[in-house]
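The values are calculated or read from the model by the stated rules, or taken from the named source; none is laboratory data. Bear in mind the structure is a predicted one, so any value in this text is a computation, not a measurement. With ideal geometry, Cβ positions are generated from the backbone for all residues, glycine too; neighbour counts draw on all protein chains shown.
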Amino acid sequence: MSISLEVLGDRWTLLIIRDLMVRGCQTFKEFREGGEGIATNILADRLQRLEHNGIITAHVEETDGRRINYRLTEKGIDLAPLLLELLIWGARHEETGAPAAVVRKIERNSSEFLAEVRRRWQQGDSTPALPKFGDGGTSRKLRKE
């Protein structure tokens with residue numbers, strides 16, 4: 001099964017993948033409350049598309065049959081280098097809310113950061129790999145040094 005650019009080219013899809021990968025989100029509620037303002041119908045649609053394309057899996061929680069936990073697949077976690085490059089590019093050229101010092105540190109140590117993201121994924125560790133951004137634009141763009 002191939003994944004089309006239509007799926008990955010959607011801004012909400014990339015934010016959901018980011019939130020799974022680095023913020024530790026696992027449930028519909030956590031994605032909805034992530035601060036991005038995604039509508040519930042859009043969120044449900046994107047989660048379904050990601051699952052259909054083999055990027056995520058959905059599992060009913062054993063202790064609460066009403067709760068579904070989402071997790072990246074191997075195919076999904078392989079998107080980590082791409083998302084890291086997009087984060088760095090965005091921080092360099094746009095006001096993203098990502099603190100420049102944090103992004104510089106990640107950029108200098110990208111292989112270690114990616115290894116940590118993969119380690120957390122393999123161990124099922126949902127501890128956020130990055131702090132929550134979105135400080136209302138108080139961050140500064142990265143500058144080439």
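What the table shows:
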| item | result |
| --- | --- |
| Single unsatisfied condition, Glu51 versus (1) in contact with a Ser or Thr (Cβ under 7 Å, 6 or more places away or on another chain); (2) surrounded by 17 or more Cβ atoms within 10 Å (Cβ to Cβ) | (2) |
| Pairs with Cβ under 9 Å, 6+ apart, first in the range 116-128 and closer than 8 Å to Val22 by Cα and of a type outside the set (S, T, N, Q), second modelled with pLDDT of 85 or more and in a loop (DSSP other than H, G, I, E, B) | Pro128/Gly24; Pro128/Cys25 |
| Enumeration of residues in the range 59-86 that are loosely packed, with under 14 Cβ neighbours inside 10 Å and either in contact with a Lys or Arg (Cβ under 8 Å, 6 or more places away or on another chain) or β-branched (Val, Ile, Thr) (or both) | His59, Val60, Glu61, Thr63 |
| Checking Val22 against (1) at pLDDT 90 or above; (2) within 12 Å of the chain's Cα centre (by Cα); (3) aliphatic (A, V, I, L, M), the condition it does not meet | (1) |
| Failed condition for Ser2, given (1) modelled with pLDDT under 95; (2) closer than 23 Å to Val117 by Cβ | (2) |
| Pick from the range 35-44, criterion touching a Lys or Arg at 6+ places or on another chain (Cβ under 7 Å) and of a type outside the set (Ser, Thr, Tyr), ranking: farthest from Thr57 (Cα to Cα) | Ile38 |
| All positions within the range 87-112 that are surrounded by 16 or more Cβ atoms within 10 Å (Cβ to Cβ), at pLDDT below 85, farther than 17 Å from Thr13 by Cβ and of a type outside the set (A, V, I, L, M) | Arg92, Thr96, Gly97, Pro99, Arg104 |
